[in-house]
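What follows is one structure encoded as structure tokens, with my remarks underneath.
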Amino acid sequence: MILALDAATSTVVLGLADPVTKNVLAERKLRNGRGDVLPGLLEECLTEIGAKASDITSVVCGVGPGSFTGIRIALAFGHGIAFRRDLPFTGVSSLCVAAANSDKVVVLDALRGEAYMRPGPEGVDARWPLDELSETLYGHLTVAEGRPDFLERMPRGYDELSGYMDVSGLLSAVKYSATEPVPNYLRASAPEELRAEGKSK
């Protein structure tokens, strides 16, 4: 079985899929969840289909961009399972999960005057200045997540990101964004940026 998981956005996703057909066997989605719920979600999925952790044969995990904490927790959990039995472990862009499911531009509020954006499944994750966002997105359908004032910048409205984060999207994202299972933060954390600014003065 494939274990697929992501905790980079506000929707924590974990599920199990058939390695041949890619059919989803069990899935859990937790809106506004935290990465520390992953062990419990895995246990629920295994129990649902009468499987054991030893039945897992590979791991696919979203690597961001998104929540620094969520990314780290999901990758640590995935590494723990994969390392124990030397299983194949593949990282995918978390934005690509929604892009693969929607074929739309995916936009995530990155705070600090920026957005994370991916222009469709075959695009590339990028940081984008907030004051250029409306002009950049003009004419495009979007999937988005963020604060109310951030979402107001979507020129044609938006679909909620949570509706496009699932196990099927994680598996589809492998085709477009397979990478090493390491964090894709796209930028340093706020404390790291402050330390860097202090050193440059």
Practice item. For the range 82-108, enumerate the residues that are surrounded by fewer than 19 Cβ atoms within 10 Å (Cβ to Cβ) and either at pLDDT 95 or above or over 26 Å from E152 (Cβ atoms) (or both). Key: F83, R84, R85, D86, L87, P88, F89
Revision key, fill the gap. The residue that is modelled with the lowest pLDDT, considering only those in the range 20-43 that are closer than 20 Å to G80 by Cα and of a type outside the set (D, E, K, R), is G35
Point to revise | G70, sole failed condition from (1) closer than 30 Å to H140 by Cα; (2) touching a residue at least 24 places away in the same chain (Cβ under 8 Å); (3) touching a Leu at 6+ places or on another chain (Cβ under 9 Å) | key: (3)
Check your understanding: Of everything in the range 6-56 that's under 15 Å from the mean Cα position of the chain (by Cα) and part of a loop (DSSP other than H, G, I, E, B), which residue is surrounded by the most Cβ atoms within 10 Å (Cβ to Cβ)?
Key -> A8
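The values are calculated or read from the model by the stated rules, or taken from the named source; none is laboratory data. From a predicted model like this one, the values you see are computed outputs, not experimental measurements. When we count neighbours, we look across all protein chains shown, and the Cβ atoms used for this are built from the backbone with ideal geometry, even at glycine.
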